[in-house]
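The values are calculated or read from the model by the stated rules, or taken from the named source; none is laboratory data. Just so it is clear, the structure is predicted and the values come from calculations on it, not from any experiment. Don't worry about glycine lacking a Cβ; one is built from the backbone with ideal geometry, like all the others, and counts go over all protein chains shown.
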Amino acid sequence: MTYAISTKRPAQEPPRTLAHWFDPTRIPAHIWVIAIILLLVPTFTSEFTQYQIFGWAFILGMISLSLMILAGYGGMVSLVQMTAAAAAGYAIAIFGTSAVTEISFAWPWPIAVIIAILASVLVCVISGALAIRTEGIYTIMITLAIGSAFFYFTRQNYTVFNGFTGFNGVQTPVLFGVNWKEPTPFYYLTLSVAGLSYWFTVHLARTPFGLALQGVRDNPRRMAAMGFSVNAHRLAAYAIAGVLSGIAGILLVWSTGQISPNTGSVGPIIDILVITVIGGINRPIGPFVGALLYVLLRTYSLDFLNAIGLDGERFKLVIGLTFLVIVYFSPNGICGIWDKHIKRLWQPIKLEEHNG
């Protein structure tokens, strides 16, 4: 028996250019449908819904997305992302313009934005440098300790952070003649930034760095044996997550016009973890789904509890029960439930096509 040996070289994939990444034909149809609906939201919703529901969901989703990069791509569950966002918020209040004129420098907003993002990255890098050599519960405890230390430091420091009061009257910039704090402009601002963050995170997983980071998550010893620096990739992931948290922290302060130590307290820190797990910690869309559900529960469960004669502050009980139910039926969150039902509906169709 003889075998024919082919001398043809396998076809090489053409190099991916910038146009390749922005090719609209590569975007799935359901993403286009969601994008069109989100663009049309202001036409059929109230200003309250635009500002308090979707605006907050996009901001919290971005902070949770930074956690998803660390946990989903890098296998590192960090509780410092809300702290990084708070650091960026304080930086925008200190170096920008606020009602606390004796502390705020009132520098131009582009400079304040850059400093705020760098502050968030610095918090994440310092936290990551301490946490990357640990795993599991130890990483969680170290990052939680850093977040708690930042909370107490800002609450007790009056010279820089104005203590328990914090900052109010933080001004949102007026760009292109538009006041971005108004509900509809703010909705489109947060939608645009959240959409870019989602696009960046999706394509990050396909880059050489993203693939190496996932390899570090799955088998760090093998990656180290292949010549990859495990700690360098993990620290770089913290820096990237810090950029997303910083941008979200800036939008958070611009939306409310204020920031206080409670922004980075233990409660909001845990909320970010809950949002990420509820939505799906392994999917970039999961943090936004979880954030939208969290905001809806937080907004409307108050009225429901008050209507039945219970204290509205018990809304956290509703959120906690929702979290337990979702995790019980799907450890991968809402995205896991969605995938399971889609596959269940799709498999009979594919089977009929195969038999036909």
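Quickly run through region 112-134 and pick out the residues that are under 20 Å from the mean Cα position of the chain (by Cα) and either at positive phi or basic (Lys, Arg) (or both).
none
Based on this model, can you work out whether ARG217 counts as closer than 23 Å to ALA241 by Cα, touching a residue at least 24 places away in the same chain (Cβ under 8 Å), among the basic types (Lys, Arg) and buried (at least 17 other Cβ atoms within 10 Å of the Cβ)?
Spelling it out, ARG217 is indeed closer than 23 Å to ALA241 by Cα, touching a residue at least 24 places away in the same chain (Cβ under 8 Å), among the basic types (Lys, Arg) and buried (at least 17 other Cβ atoms within 10 Å of the Cβ).
Across region 172-200, what is the number of residues that are out of contact with any Phe, Trp or Tyr (no Cβ under 8 Å at 6 or more places or on another chain), of a type in the set (S, T, N, Q) and modelled with pLDDT under 95?
Within region 172-200, residues that are out of contact with any Phe, Trp or Tyr (no Cβ under 8 Å at 6 or more places or on another chain), of a type in the set (S, T, N, Q) and modelled with pLDDT under 95 number 2.
For region 202-224, check the following and say yes or no: at least one residue is under 27 Å from PRO108 (Cα atoms) and part of a loop (DSSP other than H, G, I, E, B). Give the steps one after another, and end with the answer.
Within region 202-224, the first condition is being under 27 Å from PRO108 (Cα atoms), and the residues that meet it are none.
The answer is no, given that none of the residues of region 202-224 is under 27 Å from PRO108 (Cα atoms) and part of a loop (DSSP other than H, G, I, E, B).
Is there a residue in region 263-280 that is on the phi > 0 side of the Ramachandran plot, modelled with pLDDT under 95 and touching a helix residue (DSSP H, G or I) at 6+ places or on another chain (Cβ under 6 Å)?
For region 263-280, residues on the phi > 0 side of the Ramachandran plot, modelled with pLDDT under 95 and touching a helix residue (DSSP H, G or I) at 6+ places or on another chain (Cβ under 6 Å): present.
Which one is nearest to PRO268 (Cα to Cα) among residues in region 321-338 that are in contact with a helix residue (DSSP H, G or I) (Cβ under 8 Å, 6 or more places away or on another chain) and touching a residue at least 40 places away in the same chain (Cβ under 8 Å)?
Looking at the filtered set, the residue picked out is PHE323.
Run down ILE37, ILE69, ILE53 and say which single residue is under 19 Å from LEU189 (Cβ atoms), of a type in the set (A, V, I, L, M) and surrounded by 18 or more Cβ atoms within 10 Å (Cβ to Cβ).
Checking each option against the conditions leaves just ILE53.
Among the listed residues THR263, THR276, which satisfies the condition of being buried (at least 18 other Cβ atoms within 10 Å of the Cβ) and in contact with a Pro (Cβ under 8 Å, 6 or more places away or on another chain)?
THR276
Could you tell me how many of the residues in region 282-315 are modelled with pLDDT under 90 and of a type in the set (Val, Ile, Thr)?
The qualifying residues number 2.
Would you tally the residues in region 172-212 being crowded, with 17+ Cβ neighbours inside 10 Å, under 16 Å from the mean Cα position of the chain (by Cα) and among the aromatic types (Phe, Trp, Tyr)?
Residues meeting the conditions: 1.
Just to confirm my filter: which helices (runs of 4 or more DSSP H) fall fully inside region 73-170 and include at least 2 residues that are at pLDDT below 95 and surrounded by 13 or more Cβ atoms within 10 Å (Cβ to Cβ)? Walk me through it before giving the result.
Values: elements: 81-95, 109-131, 137-156.
Per the criteria, 109-131, 137-156.
Determine, yes or no, whether TRP254 is in a helix (DSSP H, G or I), at pLDDT 85 or above and more than 15 Å from SER78 (Cβ to Cβ).
The answer is yes for TRP254.
Looking at region 260-291 only, could you name the residues that are small (Gly, Ala, Ser) and part of a helix (DSSP H, G or I)?
GLY264, GLY267, GLY279, GLY286, GLY290, ALA291, listed by residue number.
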